[in-house]
Amino acid sequence: MFYFCPQNINIYFMNTKTLIALLMAGAGLASCSQPIPSYTVMGNIPDSTFNGKTVYIFDRDKGQNIDSAVIENGAFTFTGQIDTAVLCLTQVGRKYYTTFMLENGTIQLNMETPNSASGTPLNETFSSYIQEEKRISELFQNKMKETSGSRNKDKVKSNELTKTYYDNEYKPAYMAMLKDFIDKNQDNYIGAFALQNLSNFMNPEEMESIIAQSSAFIQSRNIIRKLSQRITNLKKTAVGQPFTDFTVETEDGKKVSLSDYVGKGNYVLVDFWASWCGPCRAETPILAEVYNQYKDKGFQVLGVATWDQPKDTKKAIEDLKITWPQILNAQNTPSELYGFNGIPHIILFGPDGTIVARDLRGDALKAKVKEMMQ
């Protein structure tokens, strides 16, 4: 049996303290030796005129720039740290841009080919998403080429074939692809991105259901929170609901409201459009046709310029010879209130302001107006 003497006790405790100190020091050294996760994003611009210019990383979820770098000798490098990977955009001028997943690691951007970042796991996943989307779109384009021969001979038949293929083949294939990426990426931003795109093919109730089934991570992303708000606004402004008013301040300081035109006893066809929008401009002759046909029978057409500058809208009004009233400079207000994310978006309001029909275009627009005005 071992007996302690005072001297042995002092030595024992001294050795124990020394051992603990050494262990703590070793742990400290070990933790100091582990690098803090960070990102390095590199890109090249084959245009020397951009040397000295500042390039940014734009966070698409927050809607703001989160990092910057200066282009030197046709190249730039971002370095930093990020806690949660997010979809970002980097753009130089109008020609060079790319979307990528910003995550810790070394990322290489190909500024001449959008959506082609490489070097990290999520960017490889995002690249596969883009490639699959491209594959499905090319199938659709090839199918359209097959019908192009009959397009000039029988436009109606060609349009029917296009719609049939879109509804029965393209749309189901694209939606299935999106759902697959959502299911496999519940823990990262790609799942949220795919869900946002899937919402373009679904009604509000279907969107609510798939959001409810998604992970807490996906539901907490800003784009999904905004999507949920859009669903709420779509339901508030669905067919049969009363119109939602808004007021826009004009260049001369005057204020004009939707209620200045809607709910005054006439049917009002409201065209949300912009000067730069090709499909919007293409819809103008149809609007002119119904306007001229029914304007003396208690019918009005109203243009509301969204996402556009007043000077550009005014020029388009002149070029297109538009004669019906316009509300300029509405910007994002109508799209947020009515929940649409593309233009033209055309809504028919009844005499009391009730929403009669939404998202009218072409022949369907003419048929609906005719139905209401008979």
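Descriptive notes on the structure:
- Of residues in segment 211-234 being hydrophobic (A, V, I, L, M, F, W, C) and surrounded by fewer than 16 Cβ atoms within 10 Å (Cβ to Cβ), the one farthest from ILE82 (Cα to Cα): ALA212
- Taken over segment 233-258, the criterion of being touching a Lys or Arg at 6+ places or on another chain (Cβ under 7 Å) and of a type in the set (Ser, Thr, Tyr) is satisfied by THR244, THR247.
- Selected residue (criterion: farthest from GLN196 (Cα to Cα)) from residues of segment 211-244 that are touching a helix residue (DSSP H, G or I) at 6+ places or on another chain (Cβ under 7 Å) and of a type in the set (A, V, I, L, M, F, W, C): PHE243
- Enumerated strands (runs of 3 or more DSSP E) restricted to segment 14-96, each holding at least 3 residues that are open to solvent by less than 60 Å² (accessible area, probe 1.4 Å) and either within 30 Å of PRO121 (Cβ to Cβ) or modelled with pLDDT of 95 or more (or both): 39-44, 54-59, 75-80, 86-92
- Looking across segment 322-356 at every residue that is among the polar types (S, T, N, Q) and within 17 Å of ASP260 (Cα to Cα), the one that is surrounded by the most Cβ atoms within 10 Å (Cβ to Cβ) is identified as GLN326.
- Condition broken by GLY265, with the remaining ones in (1) over 30 Å from ASN203 (Cβ atoms); (2) in contact with a Ser or Thr (Cβ under 9 Å, 6 or more places away or on another chain); (3) open to solvent by 40 Å² or more (accessible area, probe 1.4 Å); (4) touching a residue at least 24 places away in the same chain (Cβ under 8 Å) satisfied: (2)
- Filtering segment 215-272 to residues that are under 28 Å from the mean Cα position of the chain (by Cα) and basic (Lys, Arg) leaves ARG221, ARG225, LYS226, ARG230, LYS235, LYS236.
- Looking across segment 97-116, just one residue is part of a loop (DSSP other than H, G, I, E, B), open to solvent by less than 50 Å² (accessible area, probe 1.4 Å) and at pLDDT 95 or above, and that is GLU103.
- Sole residue being basic (Lys, Arg) and within 27 Å of ASP252 (Cβ to Cβ), chosen from LYS366, LYS297, LYS315, LYS370: LYS315
- Among the residues of segment 291-321, those that are farther than 21 Å from PRO334 by Cα and either open to solvent by 100 Å² or more (accessible area, probe 1.4 Å) or within 26 Å of the chain's Cα centre (by Cα) (or both) comprise ASP296, LYS297, LYS315, GLU318, LYS321.
- Exactly one residue out of ILE322, ILE346, ILE355, ILE317 is in contact with a strand residue (DSSP E or B) (Cβ under 7 Å, 6 or more places away or on another chain) and either part of a helix (DSSP H, G or I) or acidic (Asp, Glu) (or both): that is ILE317.
- Which listed residue is surrounded by 14 or more Cβ atoms within 10 Å (Cβ to Cβ) and either over 19 Å from PHE100 (Cβ atoms) or of a type in the set (Val, Ile, Thr) (or both), from GLU205, GLU169: GLU169
- Unique match (being in contact (Cβ under 8 Å) with a residue 24 or more places away in the chain, touching a Ser or Thr at 6+ places or on another chain (Cβ under 6 Å) and among the hydroxyl-bearing types (Ser, Thr, Tyr)) among THR313, THR333: THR313
- Tabulated pairs, segment 109-138, first closer than 17 Å to MET42 by Cα, second part of a helix (DSSP H, G or I), C-beta under 6 angstrom, 6+ apart or interchain: ASN115/ILE130; ALA117/ASN123
- Sole residue being modelled with pLDDT of 95 or more, touching a strand residue (DSSP E or B) at 6+ places or on another chain (Cβ under 8 Å) and either surrounded by 16 or more Cβ atoms within 10 Å (Cβ to Cβ) or not charged (D, E, K, R) (or both), chosen from TYR174, TYR189: TYR189
The values are calculated or read from the model by the stated rules, or taken from the named source; none is laboratory data. Quick caveat: nothing in here was measured; it's all calculated off a predicted structure. Glycine also receives a Cβ, built like all others from the backbone with ideal geometry; neighbour counts cover every protein chain displayed. Note: accessible area is taken over every heavy atom of the protein model, side chains too, but ligands, DNA and RNA are not part of it. Shrake-Rupley method; radii C 1.70, N 1.55, O 1.52, S 1.80 Å.
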